[in-house]
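What follows is a set of notes on a single structure, which appears directly below.
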Amino acid sequence: MSCELRKKERIGTINPIFTCQPAGAQYASIGIKDCIGIVHGGQGCVMFVRLLISQHLKESFEIASSSVHEDGAVFGALDRVEQAVDVLLMRYPDVKVIPIITTCSTEVIGDDVDGVVRKLEEGLLKEKFPDREVHLIPIHTPSFVGSMVTGYDVAVRDFVKAFAKKGKPSLKINLITGWVNPGDVKELKHLLAEMRVEANVLFEIESFDSPLMPDKSAVSHGSTTIDDLIDTANAQGTIALNRYEGAKAAEFLQKGFDVPAVIGPTPIGIRNTDTFLQNLKIMTGKAIPPSLVRERGIAIDALTDLVHMFLADKKVAIYGNPDLVIGLAEFCLDLEMKPMLLLLGDENAGYETDPRIKALQERVDHDMEIITNADLWELEDRVKNKGLELDLILGHSKGRFTAIDNNIPMVRVGFPTYDRAGLYRHPVVGYAGATWLAEAMANTLFTDMEYKKNKEWILNVW
């Protein structure tokens with residue numbers, strides 16, 4: 001029995017798991033109040049990413065493009081940035097934060113985005129908008145390296161780096177959520193409230209589960225404020241829930257402002273949620289209240305109802321963002337399931353030394369593959385051509401055709417999920433997330449049992 005970590009053998013990508021770095025920076029930017037980003041590149045670099053995020057969250061939001069065309073790709077397009085900032089500030093009087101997110105084309109031609117930011121700060125902002133609070137933040141996310149995951153990580157660090165300022169010590173902690181859904185943020189804030197812990201939540205996207213109000217407003221905005229970002233330098237400590245989606249910011253605060261940092265684990269499942277609460281307890285001195293002990297007990301009871309009869313020994317493939325994939329694999333093992341294939345959609349030197357992957361390699365008692373720089377053809381190929389038998393697939397909506405074509409039940413989880421209603425409302429993290437995940441997997445298997453007439457009689461007597 002072995003758990004092998006290796007790179008995809010093929011050159012090229014068929015049906016990618018991730019998109020590019022600017023997408024991650026855009027997802028980070030939507031979590032900040034009074035912020036509209038400018039993506040410095042072609043319109044497609046905004047249009048397709050915005051479509052993905054809007055499909056996923058089922059909400060409208062605002063983001064801008066410098067709309068670089070052929071002439072700019074040849075001769076440079078910094079004038080487009082200057083025009084974009086001017087138009088954005090005129091059209092949106094409440095905007096205070098404008099990240100300027102680079103793309104592959106503008107990085108290749110060598111546009112000096114840092115330089116144009118200095119030029120705008122010394123010129124346009126002073127001359128035309130002297131009474132406005134405006135923060136221009138260059139974020140370098142060339143598409144030809146990394147992925148949307150690294151782009152998110154870079155953007156979170158750059159936002160913190162731009163605003164963090166030492167002041168009066170705060171009793172708050174910094175909670176860097178990583179790439180999560182509104183339901184996850186709601187659950188994390190619930191856990192903090194039960195612990196009576198105040199936090200600077202980076203980034204606060206609970207409000208993207210937006211109401212439709214009588215005034216017909218229909219545009220969503222994040223809720224993390226400039227003051228929250230400034231105050232990150234004064235916190236008791238930082239907990240970054242994900243190793244690859246926020247650790248850079250936590251490490252920056254630790255090195256630059258002596259704010260202690262704890263990286264992970266992603267609180268998926270009972271065990272990792274327990275660790276998260278223990279980290280909160282150690283960092284703040286606050287006790288874990290009986291209410292959370294009870295929530296834990298309810299979750300364990302729900303899992304106990306399912307594990308032995310329905311989930312144990314089920315073979316599962318998982319793909320998506322690395323922290324999510326690893327957290328789901330750990331949870332599946334706790335449920336006595338058998339993760340057979342983990343697909344991580346980029347190359348990251350950190351995977352080889354990731355203690356969670358090493359723990360998986362030591363823990364599993366069956367053959368399991370962890371493929372880096374993977375695409376969804378790796379899943380298709382193993383099922384169709386290499387005899388991989390699966391009971392369940394966990395991943396985002398882009399892999400649904402493999403599930404459909406091969407008649408394998410699938411639970412949608414991760415980004416983007418757009419072919420099922422309301423998934424962004426359901427937490428994956430915390431005790432509530434553990435319950436939802438286990439029940440979603442079980443219900444998906446129940447439906448499969450019924451359609452395939454596979455021991456469906458059990459459901460009559462369960």
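Every number here is computed from the coordinates shown, using simple stated rules; none is lab data. In this text the structure is predicted, and so the values were computed from the model without any measurement. Cβ: placed from backbone, ideal geometry, glycine included. Neighbour counts: every protein chain shown.
For the stretch 62-105, GluC sites (Glu not before Pro) meeting the loop criterion (DSSP other than H, G, I, E, B) and having at most 16 other Cβ atoms within 10 Å: GLU62. Neighbouring Cβ atoms within 10 Å as the yardstick, rank TRP436, TRP377 fewest first. Arranged by neighbour count, lowest to highest, TRP436, TRP377 become TRP377, TRP436. Axis of helix 269-284 versus longest Cα principal axis of the chain: the two differ by about 50°, to the nearest ten degrees.
Compute the Kirkwood hydrodynamic radius of the chain, taking the inverse of the mean of 1/r over all pairs of distinct Cα atoms, and give it in Å to one decimal.
Result for the chain stands at 23.1 Å.
Between the listed residues TRP462, ALA329, ALA162, the Cα displaced farthest toward the positive end of the dipole of the chain, a dipole computed from Cβ unit charges relative to the Cα centre, is found at TRP462.
Remark: spin-label model distance THR447-GLU9 equals 3.5 nm, labels positioned 7 Å along the Cα→Cβ axis. What number comes out for the charge environment of THR13, summing +1 per Lys or Arg and -1 per Asp or Glu over other residues with Cβ under 11 Å away? My count for the surroundings of THR13 gives -1.
What percent do you get for the relative contact order of the chain when only Cα pairs under 8 Å and 6+ apart count? It rounds to 19 percent for the chain.
Sorting THR284, THR238 from the fewest to the most surrounding beta carbons within 10 angstrom yields THR284, THR238. The modelled label-to-label distance for the pair MET47/GLU62, using points 7 Å beyond Cα in the direction of Cβ, is 2.1 nm.
Sparsely packed loop sites in the stretch 317-378 (the GluC sites (Glu not before Pro) outside DSSP H, G, I, E and B with at most 16 other Cβ atoms within 10 Å) comprise GLU336, GLU347. Applying the criteria of a DSSP loop state and at most 13 other Cβ atoms within 10 Å to the GluC sites (Glu not before Pro) of the stretch 385-455 yields GLU389. With a Förster radius of 35 Å applied to the C-beta separation of ASP112 and GLN254, the computed FRET efficiency comes to 0.70.
Over the residues of the chain, the helix contribution to mean residue ellipticity at 222 nm works out to -13500 deg cm²/dmol, using -39500 (n - 2.57) for each DSSP H run of at least 4.
Can you tell me how the stretch 21-153 classifies by the Cα gyration tensor, rounded, prolate or oblate, using a/c under 1.5 as the rounded cut? The shape class here is oblate.
Within straight-line reach of LYS8, meaning a Cα separation under 13 Å, sit the following aspartates and glutamates at least 8 residues removed in sequence or on another chain: ASP346, GLU347, GLU369, ASP375, GLU378, ASP381. Counting only residues at least eight positions apart within a chain, or on another chain, the lysines with an alpha carbon under 19 Å from that of LYS248 are LYS161, LYS165, LYS166. Sorting MET441, MET213, MET340 from the fewest to the most surrounding beta carbons within 10 angstrom yields MET213, MET340, MET441.
Given +1 on the Cβ of Lys and Arg, -1 on the Cβ of Asp and Glu, and no further charges, what dipole in debye does the chain carry about its Cα centre, rounded to the nearest 20?
620
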